[in-house]
1. May I ask you to work out the translational diffusion coefficient for the range 156-212 at 25 °C, viscosity 0.890 mPa s, via Stokes-Einstein with Rh from the Kirkwood sum over Cα pairs, reported in whole µm²/s?
2. Which distance in nm do the two modelled labels at L27 and K98 give, with both placed 7 Å along the Cα-to-Cβ direction?
3. Could you run the Debye sum over the Cα atoms of the range 85-199, one equal point scatterer each and no solvent, and tell me log10 of I(q)/I(0) at q = 0.09, 0.14, 0.24 Å⁻¹, two decimals?
4. With a 1.4 Å probe and all protein chains in place, put L148, L24 in order of accessible area, largest first.
5. Extent of the range 9-111 along each principal axis, from alpha carbon coordinates, in Å, largest to smallest?
6. In nm, to one decimal, how far is the modelled label at N208 from the one at K185, with both set 7 Å along Cα→Cβ?
7. For the chain, take the convex hull of the Cα atoms, compute a quarter of its surface area, and give me that in nm², please.
8. Can you give the % of DSSP beta bridges in the chain that are antiparallel, to the nearest 5?
Amino acid sequence: SPEWFRNNHLWITADCSNNSSVWLVDLAIRRYLEQGFILHGYHYGAKFDRDYPYLSPTPRLVERRNFLRMHDIRLVPYGNGRLWEKLDRRDEDFTYTKLGLPNSVKERSGRSFTEHYNGAVFSVICPETPIFKSFMRTLAVRMAALGLDGIYFDQIGAGRPVLCYDSSHPHAAGDDTSWFRGQNKTFRTIRAVYRKNYPGALLVTEDNAETC
């Protein structure tokens, strides 16, 4: 992990929406503490906790990150590494039926395993599927390529595994090792890309970063 992360003493949850005044608060905290810290960035998309896996940093977020860096404040945006919303673009089925559903965890009955958050319904993505590897890598690299300080992937470190019985996926039905194996391969690949191309970027999950 980057030296700036190892030497950090404080995480602060940040509202990164366009109308937020939290940036002024962050600078006041910086002056008061006389040291830098890391912002855990939420609410930078159209809706928080929606449209997964389509998360996109806005130009405004990148501008603010550049401004904060001048004050020794790092910005690590939120990401989710486990869910695909059924209405995955502005309350529409954008690619869920075509891509999300076939690559989601299936129960013994063949039904997609779903969870509910903030009034929305999500399928859990099977981490052994190529689509999982592709989406997680694309999101992580996009964040780093835009100059952000890495990414926090939620529901990886502490999100419970779910056995998948989809025989079309590249694992045995109900294989209780596939959950760790799929995530481990994916995030090792992302870390290798970060080390080679973005050595200062952070890849992190629960129990390491999220402020409580």
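1. Values: Rh = 13.3 Å.
Result for D is 184 µm²/s.
2. Distance between the two pseudo-spin positions: 4.4 nm.
3. Reported log10 I(q)/I(0), two decimals: -0.26, -0.63, -1.40.
4. Details: L148 10, L24 125 Å².
Ranking L148, L24 by accessible area, largest first, yields L24, L148.
5. Extents along the principal axes, in whole Å: 57, 26, 16.
6. In this crude label model, N208 to K185 measures out at 2.0 nm.
7. Its Cα hull, projected and averaged over all orientations, spans 11.8 nm².
8. Taking every DSSP beta bridge within the chain, about 35 percent pair in antiparallel fashion.
The values are calculated or read from the model by the stated rules, or taken from the named source; none is laboratory data. Since we're looking at a predicted model, the values are computed, not measured. Positions of Cβ are backbone-derived with ideal geometry, glycine not excepted, and every protein chain shown enters the neighbour counts. Areas reflect the complete protein model, heavy atoms only, side chains present, ligands, DNA and RNA absent. Shrake-Rupley method; radii C 1.70, N 1.55, O 1.52, S 1.80 Å.
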